[in-house]
């Protein structure tokens with residue numbers, strides 16, 4: 001496995017009064033970098049930019065680039081490197097801290113495991129993986145499960161399945 005350089009930026013707006021969020025809610029840059037490195041499947045040195053930011057900023061990017069006027073957990077912007085440079089510029093990953101925190105709570109999973117999943121998910125998108133059709137989704141999900149397992153995290157999809165089963169059981173017993 002080759003090395004990937006991950007340049008982490010954390011938006012100044014996350015610490016603002018308008019955003020009920022602190023730097024303590026964001027994993028250490030070294031963790032973000034380690035998760036991204038684990039998800040790099042390439043065989044040449046690569047560079048990735050990773051931005052952790054607010055719901056407003058992600059909503060603006062999501063509207064501009066995907067025509068969806070709402071915040072989302074992760075956006076990936078792949079980049080094609082010119083062939084004459086030796087380093088692969090994979091692209092940019094934008095992580096929405098408030099959405100990731102909210103989703104982790106809604107899905108009854110640890111915030112740390114959800115952060116790791118979103119970084120891995122974004123990295124796989126930068127490398128051409130997608131989940132538009134079922135076959136591609138299964139391949140991408142299996143890679144996510146395998147990479148997260150190597151990092152010591154349970155399958156993010158198991159938790160969703162288990163939570164849905166519990167909800168159905170609770171509803172039927174009421």
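Sort out which residues of the stretch 126-155 are in a helix (DSSP H, G or I), at pLDDT 90 or above and more than 14 Å from the chain's Cα centre (by Cα), and write them in order of number. Full working, then the answer.
Residues of the stretch 126-155 that are in a helix (DSSP H, G or I), as a first pass: 126, 134-150.
So of that shortlist, the ones also at pLDDT 90 or above come out as 126, 139-150.
Listed by number, the residues that qualify are 139, 142, 146, 149, 150.
Does the stretch 90-108 include one or more residues that are touching a strand residue (DSSP E or B) at 6+ places or on another chain (Cβ under 8 Å), loosely packed, with under 15 Cβ neighbours inside 10 Å and in a loop (DSSP other than H, G, I, E, B)?
Checked against the condition, which is being touching a strand residue (DSSP E or B) at 6+ places or on another chain (Cβ under 8 Å), loosely packed, with under 15 Cβ neighbours inside 10 Å and in a loop (DSSP other than H, G, I, E, B), the stretch 90-108 yields no hits at all.
Restricting attention to the stretch 1-39, and to residues there that are in a helix (DSSP H, G or I) and modelled with pLDDT under 90, which single residue is surrounded by the most Cβ atoms within 10 Å (Cβ to Cβ)? Step through it out loud before you land on a result.
Of the stretch 1-39, the ones in a helix (DSSP H, G or I) are 12-15, 23-25, 29-38.
After this cut, where a residue has to be modelled with pLDDT under 90 as well, the list is 12-15, 23-25.
Working: 12: 9, 13: 14, 14: 18, 15: 12, 23: 11, 24: 6, 25: 16.
Going through the qualifying residues, I end up with 14.
The values are calculated or read from the model by the stated rules, or taken from the named source; none is laboratory data. Worth saying up front: this structure is predicted, and the values here are computed from it rather than measured. All Cβ positions, even for glycine, are placed from backbone atoms using ideal geometry, and neighbour counts span all protein chains on display.
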